[in-house]
1. Mind checking the angle between helix A:166-183 and chain A's longest principal axis? C-alpha axes, 0 to 90 degrees, to the nearest 10.
2. Which angle between 0 and 90 degrees, to the nearest 10, do you get for helix A:107-120 versus the longest principal axis of chain A when only C-alpha atoms count?
3. For chain B, with a Gaussian network of springs between Cα atoms less than 10 Å apart, report the residue from B:Ile80, B:Ile183, B:Ile144 with the top mean-square fluctuation.
4. Averaged across A:83-91, how many Cβ atoms of other chains sit within 10 Å of each residue's Cβ atom?
5. What does the charge count around A:Ser91 come to, taking other residues whose C-beta lies under 9 Å from its C-beta (Lys +1, Arg +1, Asp -1, Glu -1)?
6. Which FRET efficiency, nearest 0.05, do A:Lys128 and B:Leu276 yield, Cβ-Cβ r, R0 22 Å?
7. To the nearest 20 debye, what charge dipole does chain A have about its Cα centre, counting +1 at the Cβ of each Lys and Arg and -1 at the Cβ of each Asp and Glu?
8. Quick one: of A:Lys42/A:Lys106; A:Lys208/A:Lys320; A:Lys208/A:Lys299; A:Lys17/A:Lys151; A:Lys42/A:Lys74; A:Lys17/A:Lys320, which pairs are farther than 27 Å apart, Cα to Cα?
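Only the coordinates and a few stated rules stand behind these numbers; no lab work does. Since the model is a prediction, treat every value here as computed from it, not as a measurement. Glycine gets a Cβ as well: all are built from the backbone with ideal geometry, and neighbour counts include every protein chain shown.
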Amino acid sequence: MARVEVQNVSLTFGVHKAVDDVSIAFEDGGFYALLGPSGSGKTTLLRMIAGFEFPDTGSIRIDGEAVENVPVNKRRIGMVFQNYALFPNMSVADNVAFGLEVRGEKGETLRREVADALDLVQLGALAKRRPHQLSGGQRQRVALARAIVTKPRVLLLDEPLSALDKALRTDMQVELKRIQREVGVTTIFVTHDQEEALSISDRIGILKDGRIVQEGAPEEIYDRPASEFAATFLGEANILSGTAENGRLRLDNGLAIDLPPEGGTVAGDFRCAIRPERVHLSALPDAATAGGQLQGVVKRRSFSGSLSTYVVDCGGKEIKSVVQRGGGTAIEIGRPVELRWNRDDLVMLPAA
Amino acid sequence: MTGKRRDSGLVKAMPLLLPAYAWLTLAIFLPLSAMVYFSLLTSMSPSGQSATLTLGNYATFFSDPLYATLLVRSLELGLIVTLVCVLIGFPAAYVLAKIFKGRAREAIFLLVILPFWSNSLVRVFSWSMVLREGGILDTALNAILPFKVTFDLMYSYPAVIIGLVHSYLPYMVLTCYLSLQAIDDALIEAARSLGASRFTTLRRVIAPLALPGVLAGSALIFIPVVGSFMEPRILGGHGGTLYGTVIEDQFTAVYNWPLGAALSFILLAVVLVILLVSAPVLRKAA
């Protein structure tokens, strides 16, 4: 269990900068998600922390020890692979015992530690099975037991849940979180699934084109995205662009909205983001009586169980609103509506 | 239900299976049965004298210890050549399967299967030019080394081994390559992440998973090498008298086909016994 510190790390494959001057610290015992689209460098960063790739420049420290030139087998890390990578020629128990045997453990101690690890992932009964006799979720648990039984300083997970179906994935997220809490190991989790990152981790690092674009607690990143990419990659967002002056934002279609209080001093080209669930709708008898921040006409609507999504046409600009379906009746398509939101929910984005 | 479906499947598969099985029947079982018949004849003379059936040809093998001695020598040769092929072929296959990618892999592959493209007789004779005194190897060594060496491997046991390894190495490389390539790279990375050194990873993960390929290659090499006669005859000289060359003599020099056929079947029986005895052991290992 240890703190992991990545400083100014870069790695180039040929002409492609896979990881570009990344600095990020993973605190002891934390559960981190590295989130990004494919090709963003998240897996490469993880593989450098593991020791499968070596950075061209920069340093990686585990527990204060510089490891950037230490080979993977000497780093005392645990890793869970996307396809689990269980040894097909060994039983479940032998898979879990492998890392301990390599370290020279044997006899009763070895047996007890293997049994404890399998109990932790609730697979004690299947110790004698071969990997091909297990379901996807069970293999996942074995891979996890194998990675943590050696008491690694850091646990690395490379999209470990992506091969599972949705229901099982949700169960495993809860399970993974429980096991991580119980063991207390610093955990770094690579995923391209934003919901997974939000629900499972204490902190999220968002990567794009080999760089970290934002790092913070899930709520913080969701509520205060630092860029348009962060706003749209992590959840949905309406992006409003226009010209700012005197605390107002004049949109490209001529309509104007109020900026949040801290936006009073900005001027020139400017962008804001607002989450669809922060946009409130109310139906109007006719367009003349409209108030609120913006007015428009309902263009499309769709239902997904407990939520309704409306797309409102505001003078040519489409704005999405997600509302909880209550007892009231739905607003029909073509109906004039007013859009209201709290000024503080509007997130100002830096100029692109 | 399933039985019925399987039956109709077999009927549908017949047109696909038939050519191969018809060919195998014609090309293997007919000549083989003819050879069984020959091996039981007292003599085969072109004049058409009537021959009677006998087991005498098989008895000859047991009455003269020379045959058994030669058979043991041939089995030994088979083991040595197979072992050398494993030692050389497995590392090469590993590099091909796990380290080279794309173009480089194709190029090296071409080099590996190049021996298949040349006539086997030409291959063996070209070795004789390399290995003899004053040959290519001798001249090259003397050009590099400051002192004089006489290097003449021609007509020796090592020459036979060199020639046979050259001929059969591609089988080992190909079978090992196939089984190594099927090993997921993530398994190797997983072993390394658990603290295993490269050697431990090879011993505990790669070797057990590649074993079927090594065994298939070994069978493909061992069986023909035990019966080989061309390489021993051309490269081995007098020292190259082996079980295979004796059989060849019976057919091409002495014209004692019945004895040659009988010796062949004894070889076949011995090889089958070896495979049967080793099968359970190997299955356990795999």
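1. 60 degrees
2. That helix lies at roughly 20 degrees to the long axis.
3. Judging by the Gaussian network model, the answer is B:Ile144.
4. Mean partner shielding for this stretch: 5.
5. +2
6. Once the sixth-power term is evaluated, E becomes 0.15.
7. 960 debye
8. The pairs that break the limit, which is 27 Å between Cα atoms, are A:Lys42/A:Lys106; A:Lys208/A:Lys299; A:Lys17/A:Lys151; A:Lys17/A:Lys320.
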